[in-house]
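Undergrad: Structure provided below as structure tokens; questions to follow.
The values are calculated or read from the model by the stated rules, or taken from the named source; none is laboratory data. Quick caveat, the model's predicted, so the values are computed rather than measured. Note: ideal-geometry Cβ built from the backbone for every residue, glycine included; neighbour counts use all protein chains shown.
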Amino acid sequence: MIALKITDKKTFMNQLLCSEIFDHFLLSEASVCKDATYTIDGHINASFYSKEEREELGLSHLDILPYSKLRPVCYQLIRGSHTPVSFKFILMLSPENMTNTLARSESSYAPNDIGGIFLNLSFQNGQITLTTGISYAIFSPDHTLDREWDELIKKFLQKHAISFEEL
């Protein structure tokens with residue numbers, strides 16, 4: 001697990017809310033504290049979509065909505081003349097991207113060994129912090145995947161010209 005401080009908040013927020021850079025993640029949950037606290041549970045409400053709609057939208061294999069579906073909602077919550085007091089987004093890799101990351105890491109883990117691979121974004125006291133995390137379904141002393149995920153996030157940020165410093 002690593003913690004990174006975003007050094008160019010304006011550019012980062014524009015990329016987070018107005019571009020597709022983070023759209024391949026799933027949004028597990030979000031909260032935005034402004035005049036009130038708004039909470040988003042990213043878990044798909046099974047009764048909202050028909051089976052056909054879920055298949056058509058590419059959601060049939062997911063339990064959590066892609067960030068791309070909720071990004072406009074997040075944008076509407078954050079935009080305005082007042083900066084939020086705080087916010088927190090918990091993004092996670094899709095099952096497909098988790099499988100790809102496991103293969104890339106050459107670790108001993110199988111997809112069933114992992115509950116989720118996360119990127120937590122938080123804004124508080126004027127600072128944006130990103131932290132990485134992995135939820136394991138089993139115990140293992142192997143930390144290969146942790147190191148690979150940390151490096152992948154740094155490369156992802158660099159690729160998209162998102163400036164950061166390690167905390």
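Undergrad: Which condition number does ILE40 fail, the rest of (1) loosely packed, with under 13 Cβ neighbours inside 10 Å; (2) touching a helix residue (DSSP H, G or I) at 6+ places or on another chain (Cβ under 8 Å); (3) without any contact (Cβ under 8 Å) to a residue 40 or more places away in the chain; (4) over 19 Å from TYR136 (Cβ atoms) being met?
TA: Condition not satisfied by ILE40: (1).
Undergrad: Being over 15 Å from PHE12 (Cα atoms), modelled with pLDDT of 95 or more and not β-branched (Val, Ile, Thr) is the requirement here; does PHE118 meet it?
TA: Spelling it out, PHE118 is indeed over 15 Å from PHE12 (Cα atoms), modelled with pLDDT of 95 or more and not β-branched (Val, Ile, Thr).
Undergrad: Related question: Name every residue in region 8-40 that is within 14 Å of PHE89 (Cα to Cα), over 13 Å from the mean Cα position of the chain (by Cα) and acidic (Asp, Glu), in order of residue number.
TA: Matches in region 8-40: none.
Undergrad: Quickly run through region 53-64 and pick out the residues that are in contact (Cβ under 8 Å) with a residue 24 or more places away in the chain, surrounded by 13 or more Cβ atoms within 10 Å (Cβ to Cβ) and not in a strand (DSSP E or B).
TA: LEU62
Undergrad: Could you please tell me which pairs satisfy a Cβ distance under 9 Å, a separation of 6+ or placement on different chains, a first residue in region 65-78 that is farther than 13 Å from CYS18 by Cβ and of a type in the set (S, T, N, Q), and a second residue that is part of a helix (DSSP H, G or I) and modelled with pLDDT of 95 or more?
TA: Here the result reads none, with nothing in region 65-78 linked to a residue that is part of a helix (DSSP H, G or I) and modelled with pLDDT of 95 or more.
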